[in-house]
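Okay, so here's the structure we're looking at.
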Amino acid sequence: MEERTMKALQNKILTDGIVLSDTVLKVDTFLNHQMDPVLMKEIGEEFALRFENAGITKILTIESSGIAPAIMTALRLNVEMVFARKRSL
């Protein structure tokens with residue numbers, strides 16, 4: 001990731017992320033329920049730069065956390081975005 005984008009993401013995690021355990025970092029204040037559109041745009045642009053020559057025709061992501069960066073990446077690459085949902089029991 002471009003250094004500026006990586007620093008922005010690191011700063012957001014440090015200021016707004018909440019460590020719940022050794023394996024869980026809560027980032028819903030800027031990724032899930034509430035989003036930082038400028039940061040999501042920067043992340044999407046960085047993903048697009050890394051994959052622009054890969055022949056991508058669709059962006060597939062998970063529901064919730066992945067939607068914002070995926071849609072920004074899809075916009076930049078001019079492709080459709082699809083999200084996978086958890087199967088309900």
Checklist entry - Does Ile59 meet the test of being within 29 Å of Arg87 (Cα to Cα), touching a Ser or Thr at 6+ places or on another chain (Cβ under 6 Å), of a type outside the set (Asp, Glu) and without any contact (Cβ under 8 Å) to a residue 60 or more places away in the chain? => result yes
Checklist entry - When residues of the stretch 1-40 are filtered for being surrounded by 11 or more Cβ atoms within 10 Å (Cβ to Cβ), in a loop (DSSP other than H, G, I, E, B), of a type in the set (A, V, I, L, M, F, W, C) and out of contact with any Leu (no Cβ under 8 Å at 6 or more places or on another chain), how many remain? => result 3
Item to check | Hits in the stretch 19-38 (condition: aliphatic (A, V, I, L, M) and over 16 Å from Ala70 (Cα atoms)) | outcome: Val19, Leu20, Val24, Leu25, Val27
Item to check | Matching residues, the stretch 42-73, being hydrophobic (A, V, I, L, M, F, W, C) and more than 11 Å from the chain's Cα centre (by Cα) | outcome: Ala48, Leu49, Phe51, Ala54, Ile56, Ile59, Leu60
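Here, each number is a calculation from the coordinates, and none is a lab measurement. Treat the numbers as computed from the prediction; the structure is a model and nothing was measured. Counting neighbours? That spans all protein chains shown, and the Cβs are built from the backbone with ideal geometry, glycine included.
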